[in-house]
Amino acid sequence: MEITHHPGGELLELRLTGRLDATWAEHVGNTIESAVRAGSHQIVLNFAGVDYISSLGIRVLLNHYKRLKSVKGNLSVSNPSDITRTILKAAGLAAFLLSNAAETSVTPVPTAGTQLTRAGARYQLYPQPATTPLSCTVIGYPEQIGAAGFTEKDCRPLSFPSGTFGLGLGAFGEGFADCRNRFGEFLAAGGCAIMLPTNDPHAMPDYVVEEGMLVPRVETLYALVGAGDFSAMVRFDATPEGPGKIALSDLVETLIELSGAESVGFVVLAEAAGLVGASLRRSPADAPVSLEVPALRDWLSFTTERASERSLALLVGVAARQISGEAAGFLRPMKRDSAVKAHIHAAMFPYRPVQRGELPFAKTVAEVLAASTPSTVLHLMADTRPFEGVGETDLVRGACWIGSLPTIPRV
């Protein structure tokens, strides 16, 4: 089968010639998938040259139709031959594939007040109503992880209802004794909390979503905890003229610039080109993490190559150009010689596109967990070793909610 691309603004037309059968169904599906990953959410399949479609072909169309609809996109079929029209009608797809084809029009994504192009990326700023200014506090002492470890007196329960965010070391359970062997990286945002248990190499991330009287609760060793309203939502896209990806350090520097503040709290939902970071293998309760090689490898699992290329990532973080006082111990330079310091955790999910336009914060985060399960949680960091280093986390496009943080006190 021959497939040609014919872009037109927000709309992409794929012209197919041949049979959409078992031989070519995977190829067609991969072509649609690649188009979606490249940022096309409005796709028309021109069937003028298609003379047959099998059940496998129908399955491909249905799967991608549902996937694009889930992010307010659309997949439709235009110019079907008599035989393909008959097959689509018999399969019950004509009503929503063919009817949309003739009517397909793209509603332009509203442009925001502030737009910026920088370092191969395009940004749009959507101001948000902020009744309660964003605030952030520090809890615990992260430096103990390599000094004395953590004991029961360092553990405190924290709740993360909607309207809060956080990241640090913690576990789901009841008290220090119950969680002693499970403490690991966690993040929380929009009424959802996700953590990666330790002491089991096959452990999968666990999560709790706010529902009714159920509120995510984490037994915490140390954390950055925020509350209030994000003052802006930022859309970002790698431009075709650039490298096709956005370095995490460049994104965070731009967010600080757009906020007009020296420090910010943020949550990012992004299509990722690759993530770089580390996660604990063992709980640091009662024993310090050895920071010397080779013992360090028994404590930490590092991404030796770019993890989960083209995944969906949920990031929660705090970053600052200037930081002092209690928060200084929580933030580290994003990479060598970086002027920005940050602490960022990320949960990784199977790839799905991020819906375009302005998105509601809590609802969008909850929908991610409703649609898929996280595969891991990472403390993001750059690996800038000469020759051996794998670089830093790269993102392709997504949405970010940000707010300025005037101070970050300890409570």
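See the values below:
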{"read-out": "Conditions (1) β-branched (Val, Ile, Thr); (2) over 20 Å from Cys400 (Cα atoms); (3) modelled with pLDDT of 90 or more; (4) in a loop (DSSP other than H, G, I, E, B); number of the one not met by Thr132", "value": "(2)"}
{"read-out": "Check on Ser279, touching a residue at least 40 places away in the same chain (Cβ under 8 Å), closer than 28 Å to Gly170 by Cα, assigned by TED's automatic domain parsing to the domain that holds Glu392 and not aromatic (Phe, Trp, Tyr)", "value": "yes"}
{"read-out": "Meets criteria (out of contact with any Phe, Trp or Tyr (no Cβ under 7 Å at 6 or more places or on another chain) and touching a residue at least 60 places away in the same chain (Cβ under 8 Å)) for Arg15", "value": "no"}
{"read-out": "Segment 192-210 - residue that is without any contact (Cβ under 8 Å) to a residue 60 or more places away in the chain and over 22 Å from the mean Cα position of the chain (by Cα) and, of those, nearest to Thr137 (Cα to Cα)", "value": "Asp200"}
{"read-out": "Single residue of segment 11-42 satisfying the filter (in contact with a helix residue (DSSP H, G or I) (Cβ under 6 Å, 6 or more places away or on another chain) and in a strand (DSSP E or B)) that is surrounded by the most Cβ atoms within 10 Å (Cβ to Cβ)", "value": "Leu20"}
{"read-out": "Strands (runs of 3 or more DSSP E) within segment 294-394 that include 3 or more residues assigned by TED's automatic domain parsing to the domain that holds Cys136 and either modelled with pLDDT of 90 or more or not aliphatic (A, V, I, L, M) (or both)", "value": "311-320, 341-349, 376-380"}
{"read-out": "Qualifying positions in segment 150-186 - farther than 21 Å from Gly317 by Cβ and in a loop (DSSP other than H, G, I, E, B)", "value": "Thr151, Cys155, Phe172, Gly173, Glu174, Arg180, Asn181, Arg182"}
{"read-out": "Scope segment 51-72; condition outside any helix (DSSP H, G or I) and under 19 Å from Arg15 (Cα atoms); matching residues", "value": "Asp51, Tyr52, Ile53, Ser54"}
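The values are calculated or read from the model by the stated rules, or taken from the named source; none is laboratory data. Only a predicted model underlies this, so the values are computations on that prediction, with no experimental measurement involved. Neighbour counts are summed over all protein chains in view; Cβ atoms, including those assigned to glycine, are modelled from backbone coordinates with ideal geometry.
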